[in-house]
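For reference, the structure discussed in these notes is given below.
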Amino acid sequence: MARSRRPRPADIEKQRLQNRECMRKARQRQRQGLREMQVALSALEKQYKELSHRSANKAKTTNVSLPKTRQDRMYAEVVAVAKRLGAENLYLQSMLKQMNAWELQLQ
């Protein structure tokens, strides 16, 4: 008959230390990813504000030398980019909230 071998206390402690180290590294990677997302989010917010400001200024001061259809097309493109950036902003904010929730659960 095969006897089941019980792990030695030293082996158990070694495994616990390895597990702790792996979890510490995982939390560290998660925090780094969170910081990178926050930087990306702030950059997108800045870009969104800038495009919104430019779009508002364009609407106020329309250039008469451009044909009306070209102005409309350019304005529509700026509005589309602003909407896309707004959607990306919301998506990144929700990801940050989710990452924060996961980090709180891990602690």
- Protection-proxy order for peptides 7-17, 95-105, each taking the mean of Cβ atoms within 10 Å per residue, highest first: 95-105, 7-17
- Using the Cα gyration tensor of the chain, the equivalent ellipsoid's semi-axes, largest first and to the nearest Å, work out to 57, 12, 9
- Item | Electrostatic dipole magnitude of the chain [Cβ: Lys, Arg +1; Asp, Glu -1; Cα centre; debye, to 20] | 500 debye
- When the Cα centres of the stretch 70-102 and the stretch 1-40 are compared, how far apart do they sit, in Å? 37 Å
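For the stretch 41-107, what number of Lys pairs, 8 or more residues apart or on separate chains, have alpha-carbon atoms under 18 Å from each other?
Here the count comes out as 7.
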- Item | Theoretical gain in end-to-end length, L104 to Q15 [0.36 nm per residue, Cα-Cα removed] | 29.6 nm
- Query: Which one of A80, Y48, Q105 is farthest out on the positive end of the charge dipole of the stretch 41-107, using unit charges on Cβ (Lys, Arg +1; Asp, Glu -1) and the Cα centre as origin?
  - Reply: A80
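So, R0 is 35 Å and r is the distance between the beta-carbons of T69 and L96; what FRET efficiency does that work out to, to 0.05? Working shown, then result.
Working: r = 41 Å, r/R0 = 1.16.
According to the calculation, E is roughly 0.30.
Using a Förster distance of 25 angstrom, determine the FRET efficiency expected from the C-beta separation of C22 and Q47, and round it to 0.05.
Working: r = 37 Å, r/R0 = 1.49.
Efficiency, rounded to the nearest 0.05: 0.10.
None of the figures in this text is laboratory data; all of them are computed from the coordinates on show. Note that the structure is predicted; figures quoted are calculated from it, not measured. Counting neighbours? That spans all protein chains shown, and the Cβs are built from the backbone with ideal geometry, glycine included.
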